[in-house]
Amino acid sequence: MLLVLANFVPLFGAMFWGWSVFEIVMLYWMENLIIGGFSFLRILTVRPPDSIRGQFFRNLPTGIFFAVHYGGFCLVHGVFVLSLLGGEGKSDPEATPDAHSGFLWALLALVVSHGFSFVRNYLLSGAYRETLAHIQMFAPYPRIVVLHLVIIFGAFAIQKFGSPLWMLALLVVGKTVLDLGMHLWAARWRRQQAGIA
């Protein structure tokens, strides 16, 4: 539920703060960084039942490799987004302070959503003891690749039609539905990889 609510903040931004497709897509790109940060924490906190003392340090090289690889992925993806949208369709430079603070609130909502999932569904549920570091390293990729292919091509199509509000709303709703579906799929995939499905 929190995931759905956090995803609808951009819809509020498009409807009431005048956000453009560029700002919505950049917010979703920043969500990649949030997902990567919590994935890094998942890797470091993996502690299977047969683990020994110092498991954190055993997980650290995998975490560092993930940070470098995932960081490169996000960098390339960000450059692609900037070149595709070219900064066109940004909101008015004289946008109200509410619009700018709203962007920060949207980022905070995404941090809280993913943080809540990390604590509740990973730490408190004991899932960190039922997985391996290399499984967590690959876990975020299918979700973000599918999501952002849809977002990028959706954003490109919206720009061609002049960013009407109803298409921005459709992009946000479509991303939310897809995000929820991919979230459930990823959780099932992690359980299967850990052999507890």
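A short reminder: the numbers here are calculations on the coordinates, not readings from a lab. Keep in mind that what you see is a predicted model, and the values were worked out from it rather than measured. For neighbour counting, all protein chains shown are included, and Cβ atoms are generated from backbone atoms with ideal geometry for every residue, glycine included.
Here are the numbers for this structure:
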item: Whole-Å semi-axes of the stretch 9-48's equivalent ellipsoid (Cα gyration tensor); result: 32, 9, 5
item: The stretch 28-39 - phi-based ³J(HN,Hα) in whole Hz, Karplus 6.51/-1.76/1.60, Gly and Pro as x; result: 5, 5, 5, 4, 3, 5, 5, 4, x, x, 6, 5
item: By average C-beta atoms within 10 angstrom, highest first, the peptides 17-28, 53-64, 127-138, 107-118; result: 17-28, 127-138, 107-118, 53-64
